[in-house]
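The values are calculated or read from the model by the stated rules, or taken from the named source; none is laboratory data. No experiment lies behind these values; they were computed from the predicted model shown. Cβ placement follows ideal geometry from the backbone for every residue including glycine, while neighbour counts extend to all protein chains displayed. For the accessible areas, the whole protein counts, side chains as well, though only heavy atoms, and no ligand, DNA or RNA atoms are used. Shrake-Rupley method; radii C 1.70, N 1.55, O 1.52, S 1.80 Å.
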Amino acid sequence: MSELTLQDAKSIIENQIETLKKRNKEPDWMTKLRYKAMNAFFEAPHNDPIITDPLDYIAKAEEEMYPEVKNLDELPPEMLALLDRLGIADVEKKYIAGLAVQSDTSIVLNDFLKEWRKKGLIMESMEDAIRNHDMMKELFMKQFHPEESKLAAYHTAVWNGGVFLHVDAGLKVPMPLHLFFLIQNSAMAQAPHIIIDAREGSEIHLIEGCTSPVLVRHSLHLDMSEVYVGKNARVKLSVLQNWPEYVHTRPMTRAIVEQGGEFINTTVGLGTGKSNIANPKYIVKDGGYVELNGIILGQKDYYVDLGGEMLLEGTGARGMNASKSVIMDNSTVITRGLIHAKAPKTKGHISCDALILNHDAKMETYPGLASEVDDAELSHEAAIGKIREEELFYLMSHGLKEEEATQLIVKGFVNPLLKDIPLEFVVEIRKIIEMAVSGGM
Amino acid sequence: MNQLLKLENLRVSVGTDKEILKGLDLEVHPGEFHVIMGPNGSGKTTLGLTIMGHPNYKIIGGKILFEGREINKLAPDERARLGIFMAFQAPEAIEGVKIIDYLRLLLEKVKGVDRLKSHDMVIEKAKEVWFTEKELARDINLGFSGGERKRFEILQALLLDPKLVILDEPDSGVDVDSLSLISIKLHELQKQGKTILLITHYGRILQHVDPSQVQVHIIKDGKIVMHGREELVREIENKGFKKVFEECGCNE
Ligand SMILES: Nc1ncnc2c1ncn2[C@@H]1O[C@H](COP(=O)(O)OP(=O)(O)OP(=O)(O)O)[C@@H](O)[C@H]1O
Ligand SMILES: [Mg+2]
């Protein structure tokens with residue numbers, strides 16, 4: 001049981017809402033929504049195997065303002081140092097164009113983003129976007145409802161940080177945009193809200209690098225993403241998670257893919273945090289396509305549960321859920337996907353592969369297929385196993401040490417799902433995998 | 001006489017207790033060219049894999065000596081680093097691992113080649129066995145044709161520059177041109193002074209090899225039952241193992 005009484009919790013949340021309202025100069029509709037969500041929090045259902053009582057995670061709000069930052073040079077020195085440590089400085093040199101760094105509530109805009117703004121690309125912090133654009137009323141919390149779960153309600157009540165990305169109809173942004181959340185020791189910085197609004201025929205690729213340098217222990221990270229993929233639009237969202245081991249993360253993602261649209265959602269969980277539970281949901285209209293690629297590195301005593309529900313609602317809609325998990329130490333990884341064919345000529349496939357590197361690691365997979373029509377093509381395949389002795393022998397017989405051979409096999413195993421990740425990140429991801437494999441051996 | 005490889009009464013089992021090699025002796029001196037023949041299932045691949053240290057093949061008796069040192073218990077990578085190489089009869093496919101990345105890693109980790117030079121070295125050697133730069137972006141052995149697999153094994157031998165090259169049927173499943181190429185490469189390895197242990201069913205693979213250097217051993221049911229020179233290869237090709245074994249009284 002939590003030490004907080006419900007009354008305590010309520011006054012903490014109220015306090016947070018008031019603080020956010022003032023700090024962000026929020027319009028009334030937003031404040032109302034927050035209060036509505038607060039009330040829902042106490043009624044909403046809750047079901048989480050790790051976070052049994054969300055009240056434990058309702059921290060006292062600390063007000064912490066970050067200075068307005070207009071370009072990268074103005075970042076506080078500790079953040080610059082962090083960017084450097086993460087190797088982002090290098091990546092940035094290549095991709096300076098599309099890099100945005102979010103320091104709790106402000107977004108660093110660079111010349112590229114300013115230039116593209118004129119063409120119809122908006123990338124703003126969610127706080128700014130809520131103040132600046134009326135259309136937010138039509139987009140914010142339209143795919144989720146606070147009543148559906150305690151975590152959704154809590155997020156809605158105290159959300160802060162996050163980004164709004166809007167692409168005008170027909171606008172094709174040629175290079176990936178990079179967004180780094182630098183979440184510092186503010187207890188208020190745990191619930192960013194992300195909206196991608198890609199209008200008809202547009203194209204965009206957003207890469208989110210999540211990192212959390214000095215979070216308080218036992219903290220909970222509750223991010224929520226709502227993605228709108230317009231008719232024939234193509235959206236890629238790649239999320240690289242590298243959380244410290246004491247953070248619990250509950251990413252909530254939903255997307256609506258309109259006719260002929262395409263949404264490719266890749267999530268790379270290298271540092272998944274103490275526990276990571278996600279069940280993204282996608283609604284796909286006529287001829288639309290959605291792809292969820294999940295790479296999961298289970299280490300230490302981490303608990304990871306990656307779901308994915310695809311509702312193929314339009315004729316010819318297609319969904320693909322592919323996951324590759326590498327599991328070691330005492331970690332537990334569960335993958336479950338559900339593809340629901342609700343319209344004619346829909347197609348769906350779930351594939352789940354897992355490499356188990358040692359005896360104590362646990363893997364479960366539950367692929368789900370459901371069809372309401374007689375001409376859907378749905379299939380699934382799953383393969384869970386150790387590294388094949390024959391592969392290891394092949395590499396070792398040519399002189400690679402067991403550790404080198406294992407690293408190579410593991411990197412190769414996840415490689416097919418990294419196709420949309422820029423090379424710089426792939427290099428970084430491979431390094432992290434190598435270190436994890438060595439550490440596990 | 002100091003042998004490069006010496007097998008002393010080698011007995012090997014696979015699985016729980018199935019004995020496959022039943023007391024096998026062989027001496028190989030530096031620079032020699034040995035050919036191993038024998039019927040299907042007689043233990044030729046087992047012999048190669050045991051020398052290489054495959055974990056499924058348990059040595060239940062006897063010794064493997066390499067340069068005078070017993071290597072029975074060494075891990076495969078340690079044997080490779082001593083200079084033993086095996087081109088496999090049925091090489092493994094490894095999904096997701098690009099040939100170029102793998103070969104560069106081999107050069108860097110096993111041969112200590114500088115990272116700046118490894119790329120060009122791979123490309124250059126690959127050309128010799130007909131791999132284009134583009135093909136090197138494929139995954140190891142994945143979807144390879146029979147001939148491609150065999151050429152890829154040879155490529156690794158060329159890059160690793162071992163002392164002892166064991167080749168397990170490098171000629172099976174390859175077309176005439178590839179066969180000729182592989183035979184030429186064998187001859188090159190021979191000229192470089194490498195020691196060769198070639199497992200084969202056919203004499204054609206020897207077309208470019210100096211026949212006077214060739215020593216032939218016939219395995220039957222896990223033991224070497226006959227020794228000879230190049231003519232023995234022809235005799236077997238003409239008569240078949242059954243007849244040859246009958247004539248030599250090897251069936252007793
Ligand atoms: N891993 C294994 N498990 C069980 N039996 C095996 C294994 N490896 C080899 N054997 C058996 O050992 C015997 C010798 O096999 P081996 O592969 O060494 O024959 P070979 O002489 O290379 O034959 P081929 O000319 O067909 O390549 C065969 O009966 C084979 O079935
Ligand atoms: Mg064989």
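So the values come out like this:
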item	result
Residue under evaluation B:Ser13, criteria (1) more than 14 Å from chain A (Cβ to nearest Cβ); (2) within 16 Å of ligand 2 (Cβ to nearest atom); (3) free of Cβ contacts under 8 Å to residues at least 60 places away in the same chain, criterion not met	(2)
Near pairs, Cβ below 8 angstrom, 6+ apart or cross-chain, from the stretch A:410-429 (within 12 Å of another protein chain (Cβ to nearest Cβ) and more than 14 Å from A:Ile296 (Cβ to Cβ)) to any residue that is at pLDDT below 90 and part of a helix (DSSP H, G or I)	A:Lys411/A:Arg430; A:Lys411/A:Ile433; A:Lys411/A:Glu434; A:Val426/A:Leu418
Filter pass, B:Gly146 being in contact (Cβ under 8 Å) with a residue 24 or more places away in the chain, away from every other protein chain (no Cβ under 14 Å), out of contact with any His (no Cβ under 9 Å at 6 or more places or on another chain) and not polar (S, T, N, Q)	yes
Among the residues listed as B:Lys18, B:Lys44, the single one being more than 14 Å from B:Ile196 (Cβ to Cβ), near ligand 1 (Cβ under 7 Å from one of its atoms), at pLDDT 95 or above and not acidic (Asp, Glu)	B:Lys44
Residues within the stretch B:103-124 that are within 14 Å of another protein chain (Cβ to nearest Cβ) and open to solvent by 10 Å² or more (accessible area, probe 1.4 Å), tallied	9
Test result for B:Glu67, within 23 Å of A:Glu390 (Cβ to Cβ), out of contact with any strand residue (DSSP E or B) (no Cβ under 8 Å at 6 or more places or on another chain) and away from ligand 1 (no atom under 16 Å from the Cβ)	no
So B:Gly48, is it on the phi > 0 side of the Ramachandran plot and either in contact (Cβ under 8 Å) with a residue 12 or more places away in the chain or more than 16 Å from ligand 2 (Cβ to nearest atom) (or both)	no
Any helices (runs of 4 or more DSSP H) falling wholly within the stretch A:106-173 and containing at least 3 residues that are open to solvent by less than 20 Å² (accessible area, probe 1.4 Å)	A:126-132, A:150-158
Elements of type strands (runs of 3 or more DSSP E) contained in the stretch B:156-233, each with 3 or more residues being within 16 Å of ligand 2 (Cβ to nearest atom)	B:164-168, B:195-199, B:214-220
Elements of type strands (runs of 3 or more DSSP E) contained in the stretch B:23-102, each with 1 or more residues being within 14 Å of chain A (Cβ to nearest Cβ) and open to solvent by less than 60 Å² (accessible area, probe 1.4 Å)	B:57-66, B:84-87, B:94-98
Elements of type helices (runs of 4 or more DSSP H) in the stretch A:1-99, at least 3 residues being modelled with pLDDT under 90	A:6-24, A:77-85, A:88-95
Among residues of the stretch A:410-421, those that are among the charged types (D, E, K, R) and either under 18 Å from A:Ile327 (Cα atoms) or open to solvent by less than 10 Å² (accessible area, probe 1.4 Å) (or both), counted	1
Hits in the stretch A:400-409 - residues which are more than 9 Å from chain B (Cβ to nearest Cβ) and open to solvent by 30 Å² or more (accessible area, probe 1.4 Å)	A:Glu403
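Here's the yes/no breakdown for (1) buried (at least 19 other Cβ atoms within 10 Å of the Cβ); (2) farther than 30 Å from B:Leu103 by Cα:
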residue: A:Asn321; (1), (2): yes, yes
residue: A:Ser331; (1), (2): yes, yes
residue: A:Ile339; (1), (2): yes, yes
residue: A:Ala376; (1), (2): yes, yes
residue: A:His380; (1), (2): no, yes
residue: A:Ile384; (1), (2): no, no
residue: A:His398; (1), (2): yes, no
